[in-house]
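Single-structure report; data block below.
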Amino acid sequence: MKFQSQKVAWGFFATCMLLFTLQIVYGFIMAFAHAGFDGLHQWIPFNTARASHTNLLVMWMLSGFMGAAYWIIPDETDRELAWPKLAWAQLIAFVVVGVTALIGFHFNWWEGRKFLEIPRPLDFLVVADVLLFIANIGWTVWKSPKKSTTSMVLFFGLLAAALLYLPGMIPTDNQTVDSFWRWWVVHLWVEGVWELIMGAILSYLLIKLTGVDREIIEKWLYVIVGFTFLSGILGTGHHYYYIGTPRYWLMVGGVFSALEPLSFLGMAIYAFAMAKKGGRTHPNRVALLWTVGCAFMSFVGAGFLGFAHTIPQVNMYTHGTLVTAMHGHMAFWGAYAMLILGIITYSMPLLTGRKLYEHVTAGFAFWVSNVGMVAMTLAFAVAGVTQVVLERRVGMDFLTVQKEISVHFIGLILAASLFTLGAAAFIWNFIRYGMPNAPVTGVAVAKE
Amino acid sequence: MLSKSAAKAFFLGGTVLLSAIFLGLTWDTFQQIPGRTNAAALTDSVKRGKHLWEDNNCMGCHTLFGEGAYYAPELTKVFERRGPVFIAAQLKNPQAMFPGERNMTNYHFEDAQIADLVAFFEWCGKVDLNGFPAKPTLGAPAQRAAGPNAPPRPLIFSQLCITCHALEGAGGTVGPALDGVGSRFDAAYLDRWLRDPAAVKPGTKMPKLPLDEAQLTELVTFLSSQKEMAR
């Protein structure tokens with residue numbers, strides 16, 4: 001690694017591995033419950049498993065973004081982090097808050113608001129923690145004479161993500177208003193500023209792995225995040241079709257959601273083109289595989305499946321069914337999970353000084369987890385579409401339909417087992433890399 | 001060829017413009033929400049119901065306005081579909097209404113809390129959701145097959161009984177279908193059965209329903225009228 005303080009990234013990545021593992025465990029609990037085996041109901045009822053599954057996801061995404069930023073920012077700005085000790089303290093605080101929330105979920109301590117279940121007192125701690133992180137990287141960028149586009153886009157993406165957490169805390173007695181603000185957080189995160197973060201991390205990886213000129217990559221970064229906001233901001237409307245908000249959102253949300261795949265398509269073409277254009281063959285081929293794979297899978301999961309699900313006439317019937325779970329799984333995996341696994345794959349050899357990327361398990365982890373995820377998406381698709389037809393179109397009773405489709409959850413469990421095998425290979429590799437004790441090679445530039 | 005500064009201008013300009021439009025629409029939406037959600041009817045009871053809904057993470061299994069998890073039924077129209085009697089009975093003891101079926105946690109609500117939740121569901125059901133949830137168009141013929149001469153269904157039948165039993169091809173599958181039930185059992189038996197199913201057939205899954213005398217009479221009359229079709 002170039003700078004000593006980049007080491008903290010390893011701490012965040014290790015946290016990712018731990019949270020990812022737990023997330024898979026809760027996922028299995030839910031899949032088994034859907035298939036009719038809810039033996040854990042008394043201790044871990046479905047809503048506990050569900051809140052744990054989604055919040056662990058959000059937590060490990062945030063942990064991954066923070067780790068990525070702590071790795072990328074010193075590299076891009078050519079200096080140590082402003083406050084390395086604060087970064088470690090902020091990691092520990094993050095884990096403590098996260099674990100407290102997770103335990104709380106098992107004792108009915110939460111807010112029943114999808115994706116934002118973390119209890120209110122802990123919300124303030126999350127915000128405080130993330131602001132410390134923003135201050136740390138912000139000050140690092142500020143103090144450096146080098147302000148690359150990649151590091152600026154990354155910084156502003158992270159800052160916007162922190163600020164957009166706040167609307168979710170506006171108190172209200174009206175369920176419609178509650179939902180309205182909740183999507184300001186969730187949608188403007190995953191289909192807005194998180195894509196800014198994603199674009200910046202992708203650019204960084206492409207610059208490092210393909211050797212294509214930085215100016216070209218960063219120019220296209222602007223174009224892609226431009227398209228993201230062009231479609232994504234008003235695309236929020238696809239959450240405002242049927243929650244008590246005005247009818248014009250059907251038009252606004254419908255049109256702009258239909259444009260959303262363009263930014264993902266742009267990202268996929270961009271990654272493929274740069275990977276092809278790159279003259280230099282970087283030895284860490286599997287990191288490039290995750291990078292390009294991320295751009296491709298996010299186009300399929302977030303772009304295409306999202307588009308199919310958010311056409312207003314379709315969404316009237318698919319809204320609130322397992323079709324959402326189908327889209328959600330591949331979208332999050334493609335866009336964000338693969339991205340974080342990509343930056344981990346890229347940085348681990350540099351952090352630890354060991355080159356395990358040629359090992360057969362590295363490629364195995366990529367292919368097996370992806371085939372598993374595609375199979376999971378298909379299982380959700382069959383269950384979801386069957387549910388839509390029987391319950392929403394034919395009008396059969398909810399419980400009857402659930403029994404009808406429970407067999408598809410056996411399929412889901414099998415697919416998820418394959419996925420888990422791939423994930424386990426990745427985590428095993430992470431462990432084998434060992435501690436981040438590679439020699440420090442960089443020389444900090446001073447501000448003139 | 002596009003320059004980097006032009007690309008940056010496109011990004012910043014687009015973002016500012018679209019954000020401004022979004023903020024404008026948000027402002028307008030907030031002008032319309034009170035009318036569309038019938039905010040004047042947000043009584044203290046409804047508000048308490050909403051907070052109970054949140055505190056127990058009901059959305060972790062159910063959906064409301066189509067939002068939540070997909071493990072338990074959509075509840076936007078539950079007040080209209082099941083009525084207050086069913087909702088209260090289900091919340092009092094989740095095992096009573098669907099014995100041996102998918103589990104719901106018993107939250108040990110007090111009667112006042114149950115009333116708050118019922119008020120909350122009643123309010124939710126009246127919010128203008130642009131037509132959501134849509135009526136199931138493909139299932140309609142099965143119900144129309146009953147013909148114009150079929151006796152009208154009592155409300156309590158459409159809300160309670162249909163949860164577990166089917167009639168004319170529509171309804172639950174927890175209990176047996178009720179087509180022709182009037183030919184199989186006489187009125188006196190049906191009356192005894194509805195008053196206390198376990199007394200007639202020990203170990204039955206059928207719960208003792210919270211019915212008053214008028215509802216009981218209405219149901220027995222209706223069920224007795226369900227004769228087997230002549231073959």
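Nothing in this text is a laboratory measurement; each read-out follows from the coordinates by a stated rule. Note that this is a predicted model, so its numbers are computed, not measured. Cβ placement follows ideal geometry from the backbone for every residue including glycine, while neighbour counts extend to all protein chains displayed.
Using Cα pairs under 8 angstrom and six or more residues apart, how large is the relative contact order of chain A, in percent?
Numbers: 675 pairs, mean separation 78.5, N = 448.
Relative contact order here is 18 percent.
Label-point separation (nm) for B:PHE30 and A:VAL314, each offset 7 Å from Cα along Cα-to-Cβ?
Taking the two extended label points, one gets 3.4 nm.
Let me know the longest stretch in chain B that avoids all GluC sites (Glu not before Pro) found in a DSSP loop with at most 13 other C-beta atoms within 10 Å.
No qualifying site falls inside B:111-227, the longest such stretch.
Does region A:394-448 come out rounded, prolate or oblate, given a ≥ b ≥ c as the square roots of the eigenvalues of its C-alpha gyration tensor, rounded meaning a/c under 1.5 and, failing that, prolate meaning a/b above b/c?
Numbers: a/c = 8.27, a/b = 2.70, b/c = 3.06.
In terms of gyration-tensor shape, oblate.
Starting with the fewest neighbours, write out B:ARG81, A:ARG120 ranked by other beta-carbon atoms found within 10 Å of each beta-carbon. Mind dumping the intermediate values first?
Values: B:ARG81 18, A:ARG120 11.
Ascending number of Cβ neighbours within 10 Å: A:ARG120, B:ARG81.
Which whole-number percent is the relative contact order of region A:344-431 (Cα, under 8 Å, 6+ apart)?
About 46 percent, as a whole number.
For region B:15-103, build the convex hull from the C-alpha positions and give me its volume per residue in Å³. Mind showing how you got there, number by number?
Details: hull volume 12.4 nm³, N = 89.
Value for region B:15-103: 139 Å³ per residue.
Relative contact order of region B:140-224, please, whole-number percent, based on alpha carbon pairs below 8 angstrom and at least 6 residues apart.
Once divided by the residue count of region B:140-224, the mean separation gives 27 percent.
Want the number for B:ALA9 to B:PHE109: 0.36 nm per residue separation, take away the alpha-carbon distance, what's left?
Answer, rounded to one decimal: 30.3 nm.
If r is the Cβ-Cβ distance from B:ARG192 to A:SER417 and R0 is 30 Å, what FRET efficiency results, to the nearest 0.05?
Numbers: r = 52 Å, r/R0 = 1.72.
Given R0 = 30 Å and the Cβ-Cβ separation, E is 0.05.
Once the dipole of the protein assembly as shown is set up with Lys and Arg at +1 and Asp and Glu at -1 on Cβ about the Cα centre, which of B:GLY172, A:THR400, A:TRP71 lies farthest towards its positive end?
It is A:TRP71.
Let me know the mean shielding of B:96-103 by other chains, meaning the per-residue number of their Cβ atoms within 10 Å of its Cβ.
3
Which value, to two decimals, describes the C-alpha radius of gyration of region B:140-224 once divided by 2.2 N^0.38 Å? Before the final figure, lay out the partial values.
On the way: Rg = 12.8 Å, N = 85, 2.2 N^0.38 = 11.9 Å.
Ratio of Rg to 2.2 N^0.38 Å for region B:140-224: 1.07.
Can you tell me how much longer the chain between A:TRP88 and A:HIS282 gets when fully stretched, taken as 0.36 nm per residue apart minus their C-alpha distance, in nm with one decimal?
Numbers: separation 194, 0.36 × 194 = 69.84 nm, distance 3.08 nm.
Value of the extension gain: 66.8 nm.
Working from the pairwise distances between different alpha carbons, so that the mean of 1/r is found and then inverted, what is chain B's Kirkwood radius in Å? Don't jump to the answer; show the numbers that get you there.
On the way: mean 1/r = 0.0471 Å⁻¹.
Averaging 1/r across every pair of different Cα atoms and inverting gives 21.2 Å.
Restrict the search to region A:81-190; then list the trypsin sites (Lys or Arg not before Pro) that DSSP places in a loop and that have at most 15 other Cβ atoms within 10 Å of their Cβ. Before the final figure, lay out the partial values.
Working: sites: A:LYS85, A:ARG113, A:LYS114, A:LYS143, A:LYS146, A:LYS147, A:ARG182; in loops: A:ARG113, A:LYS114, A:LYS146, A:LYS147.
Counting only loop positions with at most 15 other Cβ atoms within 10 Å, the trypsin sites (Lys or Arg not before Pro) in region A:81-190 are A:LYS146, A:LYS147.
Among all stretches of chain A without exposed chymotrypsin sites (Phe, Trp or Tyr not before Pro) (DSSP loop, at most 15 other Cβ atoms within 10 Å), which one is longest?
On the way: sites that count: A:PHE37, A:TRP43, A:PHE107.
With a cap of 15 other Cβ atoms within 10 Å, the longest stretch comes to A:108-448.
For a quick check of your reading of the filter: which trypsin sites (Lys or Arg not before Pro) in region A:257-286 sit in a DSSP loop and have no more than 15 other Cβ atoms within 10 Å?
Here the trypsin sites (Lys or Arg not before Pro) that fit, given the DSSP loop and packing criteria, are A:ARG280.
With the radius of gyration and the Kirkwood radius both derived from the Cα set of region A:108-262, what is their ratio Rg to Rh?
Working: Rg = 17.7 Å, Rh = 17.2 Å.
Taking Rh as the inverse mean 1/r over Cα pairs, Rg/Rh reads 1.03.
Can you pull the mean other chain C-beta count within 10 Å for peptide A:170-183?
Details: counts 0, 0, 2, 8, 11, 15, 11, 6, 5, 4, 4, 1, 1, 1.
Counting other chains' Cβ atoms within 10 Å and averaging over A:170-183 gives 5.
Only four residue types carry charge here, +1 at the Cβ of Lys and Arg and -1 at the Cβ of Asp and Glu. Report the dipole size of region B:140-224 about the Cα centre in Debye, rounded to the nearest 20. List each step's numbers first, then the result.
Working: 8 positive and 8 negative charges, 51 e Å.
Dipole of region B:140-224, to the nearest 20 debye: 240 debye.
When A:CYS294, B:CYS58 are ordered from fewest to most other Cβ atoms inside 10 Å of their Cβ, what list results? Write out the running numbers ahead of the final one.
Details: A:CYS294 28, B:CYS58 23.
Exposure proxy ranking, most exposed first: B:CYS58, A:CYS294.
Order these by the 10 Å Cβ neighbour count, fewest first: A:MET30, A:MET316. List each step's numbers first, then the result.
On the way: A:MET30 23, A:MET316 18.
In increasing order of surrounding Cβ atoms, one gets A:MET316, A:MET30.
Given chain A reduced to its alpha-carbon atoms as identical point scatterers, what log10 I(q)/I(0) does the Debye formula return at q = 0.11, 0.14 Å⁻¹?
With one equal scatterer per Cα and no solvent, log10 I(q)/I(0) is -0.86, -1.46.
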